[in-house]
């Protein structure tokens, strides 16, 4: 096979998600498997250039991954003629100017969500990319989770019938950082740095609902800052200025009602860190990160409310496990492969910056709903 190289400037890969999911488990993993087979006699070989602010962290990361190229200058990276794609995994507040510079340099763009801090900025990025004619994409990794891929298979099969409602539970206890170190970076809890669970998670739920259950038409949202004081990476206390939990209800197309609770202040008593239960006229399904179970209408038990006797049902045993029937790769890597094929082969790709703007829109409207205490319509967007 002929090897074809594609240069990727990867900015923000010293952070948790950029390093673990995008660099190590996606791009480095692609190199370890010998590249991406394009199916036309060519193998695409990703050649990353690590970009960041800390020379020491970049050197350490390069040594850890066996990579040679890194720089602390984004300008130099974007001026490099060997770079075809710019990836942005920085904190949200730093994303807008960097992506604009990449588009202006003629680089294809792939970035984390949210794509910007405001809807206007997110739409500007989408419009600039379209005008420049560069390929562009946004991470929508939840759609590539094995559990949700199985759920989509179930929905497409028609087993659920007409979908009535969706209930989602996401979250876990993030330690405050005093007596145990926190699992999330401190900027997540500072509004001024682009933090907050609403702007973090509602973009995820937007593409999940739009693609699986029905397009979002309205939102009712209640946010909260349950833990007002935390400790940062250096062990210093700080005041939390962003929300750490959000309780949201959505009206979807087709009269579907969705409720999703997202919290960094909850303890887990469920099989996985995220679960979605989907109830329909023909059956129900419950899916998590990796698993999916179903219950058809013909196997649904018939309980009767009676608090005076022991429950005679083992409700969990009445659900059937959906088999894998496929090999599931890391979701981030799978989407990287899809985007890279789009760049070099012009294959269809729907997860564009415009789709990312829809997530930013829902986060903005969720905050508006919280502040106003009312339902807020979600209007259709256009470029």
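Exactly one residue out of 158, 147, 137, 89 is touching a strand residue (DSSP E or B) at 6+ places or on another chain (Cβ under 9 Å) and closer than 24 Å to residue 252 by Cα, and it is 147.
Each residue in region 15-41 was checked for being in contact with a strand residue (DSSP E or B) (Cβ under 9 Å, 6 or more places away or on another chain), assigned to a loop (DSSP other than H, G, I, E, B) and closer than 20 Å to residue 331 by Cα, and 3 of them qualify.
Within region 275-312, being out of contact with any helix residue (DSSP H, G or I) (no Cβ under 8 Å at 6 or more places or on another chain) and either under 28 Å from residue 195 (Cβ atoms) or not assigned by TED's automatic domain parsing to the domain that holds residue 204 (or both) holds for one residue alone: 275.
Test residue 30 against the criterion of being under 19 Å from residue 139 (Cα atoms) and touching a residue at least 24 places away in the same chain (Cβ under 8 Å), and give yes or no. For residue 30, the condition - under 19 Å from residue 139 (Cα atoms) and touching a residue at least 24 places away in the same chain (Cβ under 8 Å) - is met. Of everything in region 103-112 that is touching a residue at least 40 places away in the same chain (Cβ under 8 Å) and either more than 18 Å from the chain's Cα centre (by Cα) or within 16 Å of residue 83 (Cβ to Cβ) (or both), the residue that is surrounded by the most Cβ atoms within 10 Å (Cβ to Cβ) is 110.
Please tell me if residue 210 is touching a residue at least 60 places away in the same chain (Cβ under 8 Å), within 14 Å of residue 246 (Cα to Cα) and in a helix (DSSP H, G or I).
For residue 210, the condition - touching a residue at least 60 places away in the same chain (Cβ under 8 Å), within 14 Å of residue 246 (Cα to Cα) and in a helix (DSSP H, G or I) - is not met.
Looking across region 1-51, the residues that are surrounded by fewer than 16 Cβ atoms within 10 Å (Cβ to Cβ) and under 17 Å from the mean Cα position of the chain (by Cα) come down to 16, 20. If I ask for residues that are surrounded by fewer than 19 Cβ atoms within 10 Å (Cβ to Cβ) and farther than 18 Å from residue 141 by Cα, which ones from region 345-364 would you list? Answer for region 345-364, where residues must be surrounded by fewer than 19 Cβ atoms within 10 Å (Cβ to Cβ) and farther than 18 Å from residue 141 by Cα: 345, 346, 347. Taking the listed residues 283, 223, 254, 235, the one that is farther than 21 Å from residue 363 by Cα and surrounded by 14 or more Cβ atoms within 10 Å (Cβ to Cβ) is 283, with no other qualifying. In the set (1) outside the structural domain of residue 10 (by TED's automatic domain parsing); (2) within 30 Å of residue 245 (Cβ to Cβ); (3) at pLDDT 95 or above, the condition left unmet by residue 315 is number (3).
Of all residues in region 365-379, none satisfies the criterion of being crowded, with 21+ Cβ neighbours inside 10 Å and free of Cβ contacts under 8 Å to residues at least 12 places away in the same chain.
The values are calculated or read from the model by the stated rules, or taken from the named source; none is laboratory data. Predicted model only: the values in this text are computed from it and were never measured. So basically every Cβ, Gly included, is an ideal-geometry build from the backbone, and we count neighbours across all protein chains shown.
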